[in-house]
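Everything below concerns the one structure shown next.
The values are calculated or read from the model by the stated rules, or taken from the named source; none is laboratory data. None of the values given here were measured: they were computed from a predicted structure. As a convention, Cβ positions derive from the backbone with ideal geometry for all residues, glycine included, and neighbour counts pool all protein chains shown. These area figures cover heavy atoms from the full protein model, side chains too; ligands, DNA and RNA do not enter into them. Shrake-Rupley method; radii C 1.70, N 1.55, O 1.52, S 1.80 Å.
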Amino acid sequence: MRREDWNRRYAAADSVWSLTANRFLVAEASGLRPGKALDLACGEGRNAIWLAELGWTVTAVDFSDVAVERARRRAADAGVEVDFRALDLLDFEPEPLAFDLVLVLYLQIPADERRLVLSRAAEAVAPGGTFLLVGHDLSNRSEGVGGPSDPSLLYTPDQIASELPGLEIVKAERVLRDVDDADRPAIDALVRAGRPRA
C-alpha cells in the first residue's frame, strides 16, 4: 500500500490496531535492560509508547503522517517522550551500531525493499543489542487468518534470518496468534537476533 492509502486507513478509524503492546514484543523484551530502541514501521505507536513507559529512549518511524501524528498524541497522553518521525523506511538510514533494541513488527513489503530495510536495521543494532522481527508468515496465507494475501509480501523465519548481516540468530520460528472471531489462529514469523559484544 502507498502512503496515501495508509493515511486514509488511519484517518478512517480512531484506532486501526490494538492500544496494547504486541504480545511477542512483551515476551521477548520484558527482561531487557532499557537503553536506546528503534521501532521501524511503528504505526500508531503502541509498541514505542510501551517501551518508553519502561524507560527506553525510543525513536519510532512510520511513513504514514496520520499514524505518526496520532502516535505523538498518544505518547503525550501517556506522559512519555518518543521521537516519532514520519519517514519512508526506504529512505531512512538509522545510525549504525546505535540501538540496543531494533524492532520491525508487521512490515509487509516486497522482498527487495524488505532486504534493504532489514540490512539497515541489522546494521543499527549495537554490540550486545537485540533485533526483533514479527510478521505475517508465508504459511498464514493458506493455513492462518488475516494479513496480506499477496505471497510476495510474506516470508518465512528462515528467509528473514538470512537477511540480517552481522547478527547472530537467537530464534527463528513460526508462532501462533489468536484472532478474535476467527476459527483458527494467525501464523506469524518471529526472528530474534543479536550482535555479539566486541
> Is at least one residue of the stretch 48-59 more than 21 Å from G129 (Cβ to Cβ) and either in contact with a helix residue (DSSP H, G or I) (Cβ under 7 Å, 6 or more places away or on another chain) or touching a residue at least 12 places away in the same chain (Cβ under 8 Å) (or both)?
Replying inline: no
> Which one of the conditions (1) more than 24 Å from G31 (Cα to Cα); (2) touching an Asp or Glu at 6+ places or on another chain (Cβ under 7 Å); (3) in a loop (DSSP other than H, G, I, E, B) does A71 fail to meet, given that it meets all the rest?
Replying inline: (3)
> In the stretch 57-67, what residues are more than 20 Å from R120 (Cβ to Cβ) and either among the β-branched types (V, I, T) or touching a strand residue (DSSP E or B) at 6+ places or on another chain (Cβ under 6 Å) (or both)?
Replying inline: D65, V66
>> Quick check on the stretch 8-66: of everything there that is part of a helix (DSSP H, G or I) and modelled with pLDDT under 90, which residue is most open to solvent (accessible area, probe 1.4 Å)?
In response: R8
> Quick check, is R141 more than 29 Å from D180 (Cβ to Cβ), among the charged types (D, E, K, R) and open to solvent by 30 Å² or more (accessible area, probe 1.4 Å)?
Replying inline: no
> Here are some residues: E44, E53, E95. Which one is within 14 Å of the chain's Cα centre (by Cα) and of a type in the set (D, E)?
Replying inline: E44
> Do the conditions hold for D5, that is, is it modelled with pLDDT under 75, more than 22 Å from I109 (Cβ to Cβ) and either part of a strand (DSSP E or B) or out of contact with any His (no Cβ under 8 Å at 6 or more places or on another chain) (or both)?
Replying inline: no
>> Return the pair list, or none, for Cβ contacts closer than 7 Å from residues in the stretch 61-87 that are within 18 Å of K36 (Cβ to Cβ) to residues that are open to solvent by 70 Å² or more (accessible area, probe 1.4 Å) and outside any helix (DSSP H, G or I), at least 6 apart or on different chains.
In response: V61/R85; A75/E81
>> Give me the residue from the stretch 115-125 that is touching a residue at least 40 places away in the same chain (Cβ under 8 Å) and open to solvent by less than 70 Å² (accessible area, probe 1.4 Å) and, out of that set, nearest to Y155 (Cα to Cα).
In response: L118
>> Quick check on D180: is it assigned to a helix (DSSP H, G or I), without any contact (Cβ under 8 Å) to a residue 24 or more places away in the chain and open to solvent by 80 Å² or more (accessible area, probe 1.4 Å)?
In response: no
>> Checking D77 against (1) assigned to a helix (DSSP H, G or I); (2) open to solvent by 20 Å² or more (accessible area, probe 1.4 Å); (3) touching a helix residue (DSSP H, G or I) at 6+ places or on another chain (Cβ under 8 Å); (4) not aromatic (F, W, Y), only one condition comes out false. Which one?
In response: (3)
>> For the stretch 92-105, check the following and say yes or no: at least one residue is among the small types (G, A, S) and either under 26 Å from R177 (Cα atoms) or at pLDDT below 95 (or both).
In response: no
> Within the stretch 91-114, can you find the residues that are open to solvent by 10 Å² or more (accessible area, probe 1.4 Å), farther than 30 Å from R184 by Cα, touching a residue at least 12 places away in the same chain (Cβ under 8 Å) and not in a loop (DSSP other than H, G, I, E, B)?
Replying inline: F99, D100, E113
